[in-house]
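Visitor: Below is the structure I would like to discuss, written out as structure tokens.
The values are calculated or read from the model by the stated rules, or taken from the named source; none is laboratory data. Worth saying up front: this structure is predicted, and the values here are computed from it rather than measured. Don't worry about glycine lacking a Cβ; one is built from the backbone with ideal geometry, like all the others, and counts go over all protein chains shown.
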Amino acid sequence: MTVYVDDMFQFELGRLGRMKMSHMIADTTEELTAAAYDIGMQPGWIQKRGTHGEHFDVSKGKRDLAIANGAVPITLRQCSAMCMRRKVEGQLGTPEEAEAWRDAYATARRAAMV
């Protein structure tokens, strides 16, 4: 089981006023909320609980704390692809295969429409 934090803070999308934000995701809700608690966040702050898009919005400082606690840094594209995979297959998969999985899935869907 692994906790991941994306690099959304590097993009305009990740700006909330002066704050720079990222997403924190994990294989299970329990692992995600435990990781959030470990970096000083409240479990009730979880976004989209129980869905494929379940995550915490974390500030750059909390992202750094999560990484120091063992979270794996990933790209925003990997995070998106992993959440899509969880919607389709019920699991995140790995960051290394995330984008290739998403591309293969999209290709198969397009082929099925023809």
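Visitor: Say we look at segment 16-50 and pick out the residues that are charged (D, E, K, R) and assigned to a helix (DSSP H, G or I); which of these is nearest to Thr75 (Cα to Cα)?
Guide: Glu31
Visitor: Shifting gears a bit: What are the pairs, 6+ residues apart or on separate chains, where a residue within segment 86-101 that is touching a residue at least 60 places away in the same chain (Cβ under 8 Å) has its Cβ under 6 Å from a residue that is part of a helix (DSSP H, G or I)?
Guide: Pairs that qualify, where the first residue is touching a residue at least 60 places away in the same chain (Cβ under 8 Å) and the partner is part of a helix (DSSP H, G or I), are Leu92/Met82; Leu92/Arg86; Pro95/Gln78.
Visitor: Do we find that Glu30 is modelled with pLDDT under 95 and of a type in the set (Asp, Glu) in this structure?
Guide: no
Visitor: Out of all the residues in segment 30-50, which are touching a Lys or Arg at 6+ places or on another chain (Cβ under 8 Å) and of a type outside the set (A, V, I, L, M)?
Guide: Passing the criteria: only Gly40.
Visitor: Within segment 51-100, can you find the residues that are closer than 16 Å to Met24 by Cβ, of a type in the set (Gly, Ala, Ser) and not in a helix (DSSP H, G or I)?
Guide: Residues satisfying the conditions are Gly53, Ser59, Gly70, Ala71.
Visitor: Scan segment 43-68 and report the pairs whose first residue is closer than 17 Å to Cys83 by Cβ and whose second residue is part of a helix (DSSP H, G or I) and charged (D, E, K, R), with Cβ atoms within less than 6 Å and a gap of 6+ or a chain change.
Guide: What qualifies is His52/Arg86; His52/Lys87.
Visitor: Anything in segment 4-24 that is crowded, with 23+ Cβ neighbours inside 10 Å and in contact with an Asp or Glu (Cβ under 7 Å, 6 or more places away or on another chain)? List them, or say none.
Guide: Ser22, His23
Visitor: Within segment 78-105, restricting attention to residues that are touching a helix residue (DSSP H, G or I) at 6+ places or on another chain (Cβ under 6 Å) and of a type in the set (D, E, K, R), which residue is surrounded by the fewest Cβ atoms within 10 Å (Cβ to Cβ)?
Guide: Checking each candidate, the answer is Glu99.
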